[in-house]
1. State whether the residues of region 99-111 include one that is closer than 16 Å to Ser63 by Cα, of a type in the set (A, V, I, L, M) and touching a residue at least 40 places away in the same chain (Cβ under 8 Å).
2. When you go through Val118, Val141 one by one, which is the residue that is part of a strand (DSSP E or B) and modelled with pLDDT of 95 or more?
3. Given Ala92, Ala136, which one is aliphatic (A, V, I, L, M), in a loop (DSSP other than H, G, I, E, B) and within 12 Å of the chain's Cα centre (by Cα)?
4. Residues Thr138, Thr93, Thr86, Thr130: which one is in contact with a helix residue (DSSP H, G or I) (Cβ under 6 Å, 6 or more places away or on another chain) and without any contact (Cβ under 8 Å) to a residue 60 or more places away in the chain?
5. Could you check region 95-131 and list, in sequence order, the residues that are of a type in the set (Ser, Thr, Tyr), surrounded by fewer than 17 Cβ atoms within 10 Å (Cβ to Cβ) and more than 16 Å from the chain's Cα centre (by Cα)?
Amino acid sequence: MSDNSRRTIRTVALRGAMALTVGLGLVAVGAPPAAAAVTDAAPGVTAAAAGNARTKSVTVRRSGGFTGATQLFMVDRATEGRQAATVLTVTATRRFRSLDSQYLPADPCCDRFGYEVVVRYHDGSVKTVTTVADTAGTPQVLTDVIQLVTQVGVPVPTDA
């Protein structure tokens, strides 16, 4: 084996190790699991290609809590940043698209926030999922999307 071949193999191995370290670092620094594993598709296949879904926008309406205020946040293709791209990718996965329409508590008491997540896809379809904060059985992918959109989404004025 030539010296050039050995260097190439070492370079590829180092780059792979660095990519793995960076990927694991997302989990280590507290990024939501959705940021570390954004697709349920086969390796090398994007989530959108796997399910022919492509997210156009994600809107989260947060209401209730102690003050009863309503806030609206939106992420779309114009929203900048890696976390915004993660939201668009995760909401295109089968895992997200197969969510039930609601995850509600047996007892809705006690000033918890309610969330309505509306995802619009490029094919014209819309998925809406409703939940209340700290509801048992709410899938992690839904709570991750809510957290990311309320952190990086653009606030949208509301009439309510």
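1. No, region 99-111 contains no residue that is closer than 16 Å to Ser63 by Cα, of a type in the set (A, V, I, L, M) and touching a residue at least 40 places away in the same chain (Cβ under 8 Å).
2. Just one listed residue meets the conditions, Val118.
3. Residue meeting the stated conditions: Ala92.
4. Thr93
5. Ser101, Ser125
The values are calculated or read from the model by the stated rules, or taken from the named source; none is laboratory data. Please read these numbers as outputs of a predicted model, since none were measured by experiment. Methodologically, a virtual Cβ is constructed for each residue, glycine included, from the backbone with ideal geometry; neighbour enumeration extends over all protein chains shown.
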